[in-house]
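The values are calculated or read from the model by the stated rules, or taken from the named source; none is laboratory data. Owing to the predicted nature of the structure, the values given are computational and were not obtained by experimental measurement. Neighbour counts run over all protein chains shown; Cβ positions are idealised from the backbone, glycine included. Accessible surface areas use protein heavy atoms only, side chains included; no ligands, DNA or RNA. Shrake-Rupley method; radii C 1.70, N 1.55, O 1.52, S 1.80 Å.
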Amino acid sequence: MGIERNLGDRKGRELSELLDETNTNNMKIRKNRRYRQKMTMSPVQKLFLACKHVFANAATGVVPSSQHIEILRSVLAGIKPEDLGLKPDMPYFSNISNDATPKITYLHIYECEKFSMGIFCLPPSAEIPLHNHPGMTVFSKLLFGTMHIKSYDWAVDLPADVSQTQIPEKRLAKIKVDADFTAPCNPSILYPNDGGNMHCFTAVTACAVLDVLGPPYSDPDGRHCAYYRSFPFSNFAAEEISIPEEEKKDYEWLEEREKPESLQVIVKMYSSSKIVEN
């Protein structure tokens, strides 16, 4: 009986060790499979998965955590024009018809209620006029070219009702950025109330901009895209606003306007790489 019991125990241990070894090998196989999938995954797929994770709880005014922002920023930073099949000599980046206002092409990659992904293709001198991103967090990556960016945030550090009562239909904003950017450069990030939520882009050369919005525009949810005109601070008298003389150049009045008729954006589906949702 003792011999049989010892023999049974030994067989039990051998079976257990065999199962452990099998499980370990299976885990290695799965890990290697995931590694191979990750290495062969397209940059667009990686971006999609990062957005899906970062914007899982996206809603108007909800800003992702700093850790999530860094995840998406890092993924965008690693994307190059060739990863997306883009070259400056493609027709998207030429003003073939010699229009006074060149047409802009938007390559639609993906959109759901949580986020959207797309590429703006701008010929030289093309302009995306001043507009806002209400309640949204926006990541932009200049893929190639030189672009002038001017952005604003509302002047919240001043009395809220002054601009409305003294200058009807105009509101005071502070300039956040007013400079040329040349690729390669770091992704820019704007937030619902900071980082230059209102901006305009002017292509100095042919440019491509990869845009990620979380959540995307949605009129029913109060995320309507508004356009603005800007005016120097000195154009209108506002004695109640106390701003040091040397800082007045950093403020401008913004007035909402209709979408400019000159803005022509042609929407096309991005087809260089497919997204697998599941």
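Scalar couplings 3J(HN,Hα) for the stretch 102-107, obtained by applying the Karplus form with A = 6.51, B = -1.76, C = 1.60 to θ = phi - 60°, are x, 6, 10, 10, 10, 8 Hz; x denotes Gly and Pro. With the simple spin-label model, which puts each label point 7 Å out from Cα in the Cβ direction, the Asn57 to Cys112 separation comes to 1.7 nm.
Ligands, DNA and RNA aside, Ser234 has an accessible area near 100 Å² when probed at 1.4 Å.
State in Å² the accessible area per residue of the stretch 227-278; use a 1.4 Å probe, count heavy atoms of protein chains only, and round to the nearest integer.
On a per-residue basis, 74 Å².
Go through Lys80/Lys150; Lys52/Lys87; Lys170/Lys259 and tell me which ones have a Cα-Cα distance over 22 Å in this structure.
Numbers: Lys80/Lys150 24 Å; Lys52/Lys87 27 Å; Lys170/Lys259 17 Å.
Cα-Cα > 22 Å for Lys80/Lys150; Lys52/Lys87; rest within.
Could you please report the charge total around Val156, scoring K, R as +1 and D, E as -1 over all other residues with beta-carbon less than 10 angstrom from its beta-carbon? Don't skip to the end; give the middle numbers.
Values: positive: Lys174; negative: Asp153, Asp157, Asp194.
Net charge around Val156: -2.
Legend: calculated FRET efficiency, Lys80 to Asp194, from the Cβ-Cβ distance at R0 = 22 Å, rounded to 0.05, equals 0.15.
What does the charge dipole of the stretch 215-278 about its Cα centre add up to, to the nearest 20 debye, if the Cβ of each Lys and Arg holds +1 and the Cβ of each Asp and Glu holds -1? Each step should come with its number before you reach the end.
Details: 8 positive and 14 negative charges, 129 e Å.
For this selection, approximately 620 debye.
Sorted largest first by accessible area at a 1.4 angstrom probe radius, with every protein chain in place, the residues Glu261, Glu111, Glu82 fall in the order Glu261, Glu82, Glu111. Averaged per residue, the stretch 54-195 has 47 square angstrom of accessible surface, using a 1.4 angstrom probe with ligands and nucleic acids left out. Taking 19 Å as the cut-off, the amide N atoms of the stretch 109-152 that come nearer than this to a point 7 Å along the Cα-to-beta-carbon line of Val204 belong to 121-130, 140-152.
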